[in-house]
Amino acid sequence: MDFLRRSLPAVVTAHHVHHPEIEISGAATASATWALEDYVIDLKSNYSLHGAAFYEDEYVKIDGQWKIKHTGFKRIYWERWSRRS
């Protein structure tokens, strides 16, 4: 959280991830696709963004705990507009 606060000091965002499709591919490996919908308000640049994407993740089980090995996403669409009056 500290990293995000420093990296995005003037950004407000809502990041909704849902509808996972998880495939267990082995005793210690899995992959998943998650649907994403996000909203971004950039207070410094004065614009907003709304979009959707699909996360594609890979997982590995280490010492009995699932860990994210890789994450990425494919953007489906986004719309951006100025917040200026």
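Worth a mention:
- Residue list for the stretch 67-85, restricted to those being assigned to a strand (DSSP E or B) and either under 18 Å from residue 39 (Cβ atoms) or open to solvent by 100 Å² or more (accessible area, probe 1.4 Å) (or both): 68, 69, 73, 74, 75, 76, 77, 78, 79, 80, 81, 82
- Filtered residues of the stretch 1-30 (kept if assigned to a loop (DSSP other than H, G, I, E, B) and either loosely packed, with under 11 Cβ neighbours inside 10 Å or of a type in the set (Lys, Arg) (or both)): 1, 9, 10, 27
- Residue within the stretch 41-49 that is among the polar types (S, T, N, Q) and open to solvent by less than 30 Å² (accessible area, probe 1.4 Å) present: yes
- Hey, residue 59 out of contact with any Leu (no Cβ under 7 Å at 6 or more places or on another chain) and among the aromatic types (Phe, Trp, Tyr) or not: yes
- Subset of the stretch 30-71 (residues that are of a type in the set (A, V, I, L, M) and within 17 Å of the chain's Cα centre (by Cα)): 32, 35, 36, 40, 41, 49, 52, 53, 68
- Some residue of the stretch 15-24 being among the hydrophobic types (A, V, I, L, M, F, W, C), on the phi < 0 side of the Ramachandran plot and under 12 Å from the mean Cα position of the chain (by Cα): yes
- Residue within the stretch 24-32 that is out of contact with any Lys or Arg (no Cβ under 6 Å at 6 or more places or on another chain) and either of a type in the set (Phe, Trp, Tyr) or modelled with pLDDT under 95 (or both) present: no
The values are calculated or read from the model by the stated rules, or taken from the named source; none is laboratory data. Source: prediction; values computed, not measured. Note that we place each Cβ from the backbone using ideal geometry, even for glycine, and neighbour counts take in every protein chain shown. Side chains included, ligands, DNA and RNA excluded: accessible areas come from the protein's heavy atoms. Shrake-Rupley method; radii C 1.70, N 1.55, O 1.52, S 1.80 Å.
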